[in-house]
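Heads up: the structure comes next, in structure tokens.
Computed from the coordinates by the stated procedures, all read-outs in this text should not be read as laboratory data. Every value quoted in this text rests on a predicted model; they were computed, and no experiment measured them. As a convention, Cβ positions derive from the backbone with ideal geometry for all residues, glycine included, and neighbour counts pool all protein chains shown.
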Amino acid sequence: MSTLIVPLLLAAAAPLAPPPATQSATSAKPSATRLKADVATMVDFGTRHTASTTTDPKRGIGAARTWAARRFTEIGASCGGCITVDRISRRFTGPRAPTGVVVEDVLGIQKGRDPNRVVIVGAHIDSRVTDVMNATSDAPGANDNASGVALVLEAARLLSQRQFDATIVYAVFSGEEQGLWGAELLADTAKARGWQVSAMLNNDIVGNTVGQGGVRVADKVRVFSEGIRTSEDMVAQQGRRAEGGEDDGPSRALAKAIDGIAGGIPGGLDVMIDRRPDRFGRGGDHEPFLKLGYPAVRFSVAAENWDRQHQDLRTEKGVVYGDTIEGMDFPYLAKVTAINVATIAQIAAAPAAPEDVSIAGALSRDTTVKWTVVPGAARYRVRWRRDDSQGWTDVRDVTDTQTVLVQVPVDDTFVGVSALSTDGAESLVSFGGRERRR
Ligand SMILES: [Zn+2]
């Protein structure tokens, strides 16, 4: 049935979208106790520096990676083998590893109905102290970043109870502190294997609420997303300039989706949509994915504590330095985990996001929106807003692949389209620009 023409009244007073049907489907809650146990186990490896020992069964990065692989195997065993373990590696050389080091990622792969479309949730397991080259001193890395790895494992435990349309890749990276190498390895692997990446969630430093100077922020989490796309060259950026989509690229659309999903979790956290790729002047494991054009964001706590990051374990003038488990807040980490789980559940249950969304309507009072068919989509959700605002305000569900927004002037309106599954799981919103000539 075509919904090309709708009454003017409906278009003007379109209701807000209902919450996605998938939110309640993953009702099991993350366990703060389990998260703490996993962080404690990781701390017990002494150091997880990327250049630390790979042969000692109890200490170093090798033992830590083997443990992570075993955890994925255990989780997979309780869902009938729904998660398989894949260990990928490559040798990297750089200023922080001049003689080279083999970087290995441990992946748990939960195959969906579509083996090629993937949602990735990742965190780096390597740790460091003050000197980034020091591979032997104790580097507990409880918050940076055993917190993120524990979140990834807990997400796997919860999400493995369900089958999804997309394949979920749970990723434990190495080499982050030496140059984001593990993430680069997985991004390259995604491209080489032809994966269609619907979202990449990087979790790095996600488990403390007491920040520098004692400030406590326990009700917020930051989600960093890029505006201008690093994957596009200057010509492509200039082309996009005319459309005004700086706040609506795939990474920003993912951050906005997360904000909306988090808002539906009772007792959860307020998402701060940080409108820059990462913290000021710093980077993280989502960036190699952004370089390849995949939608990617970074989760991080609202109040960082630099006395507890990248520090030799010591006490100076009464100040305790070092990334130990005492500085963490596990109920908070469980809340960040819940947001990740709900986000993955929604995006993995939804179809892929529409491609080639275009709008037209110059010299008209109406806006025509078109897009290409998304395999498996039951219907599409057209979202729009005045172009002096940042969040979608209006919505219309249609089954066709075009619609006309009557009395909605193209000059003053931003438009996006998402794809929905039969049970209402919504993809990311693809921003509408000028029609691309192919
Ligand atoms: Zn980190």
For Thr53, Thr167, ascending order of other Cβ atoms within 10 Å (fewest first) is Thr53, Thr167
Label-zone membership for region 52-88, site Ser137, 7 angstrom Cα→C-beta point, backbone N under 19 Å
52-53, 60-61
Within a 10 angstrom radius of the beta carbon, how do Lys317, Lys256, Lys29 rank from fewest other beta carbons to most?
Lys317, Lys29, Lys256
Between region 224-260 and region 325-350, what's the alpha-carbon centroid distance in Å?
25 Å
Options Met133, Ala146, Pro115, ranked by Cα towards positive dipole end of region 111-180, top entry (Cβ charges)
Pro115
Positive end of the charge dipole of region 281-387 (Lys, Arg +1 and Asp, Glu -1 on Cβ, about the Cα centre): tell me which of Ala362, Leu292, Ala377 has its Cα farthest that way.
Ala362
Which semi-axis lengths, in whole Å and largest first, follow from the square roots of five times the eigenvalues of the Cα gyration tensor of region 151-260?
26, 22, 17
Using the Cα centre as the reference, give the magnitude of the dipole from point charges on the C-beta atoms of region 160-303 (Lys, Arg: +1; Asp, Glu: -1; all else neutral), rounded to the nearest 20 debye.
160 debye
What number do you get for region 198-314 when its Cα radius of gyration is normalised by 2.2 N^0.38 Å, N = residues?
1.17
When only alpha-carbon atoms count, how far does region 256-413 stretch along each of its three principal axes, as whole angstroms with the largest first?
70, 32, 31
Is there a quick way to get the dipole size of region 318-406? I mean about its Cα centre, with the Cβ of Lys and Arg at +1 and of Asp and Glu at -1; what is the value in debye to the nearest 20?
400 debye
Region 359-399: Cα Rg divided by the 2.2 N^0.38 Å rule of thumb
1.36
For the chain, the Cα convex hull volume per residue in Å³ comes to 143 Å³
Send over the per residue convex hull volume for region 341-438, Cα only, as a whole number of Å³.
99 Å³
Of the candidates Gly207, Gln237, Ile258, the farthest towards the positive dipole end of region 192-264 (Lys/Arg Cβ +1, Asp/Glu Cβ -1, centred on the Cα centre) is Gly207
Treating only the Cβ of Lys, Arg, Asp and Glu as charged (+1, +1, -1, -1), what charge dipole size does region 142-218 show about its Cα centre? Round to the nearest 20 debye.
280 debye
Based on the alpha carbons, how large is the Rg to Rh ratio for region 32-190 when Rh follows Kirkwood?
0.97
Determine, for each peptide in 389-401, 175-187, the mean count of other beta carbons within 10 angstrom over its residues, then list the peptides with the highest first.
175-187, 389-401
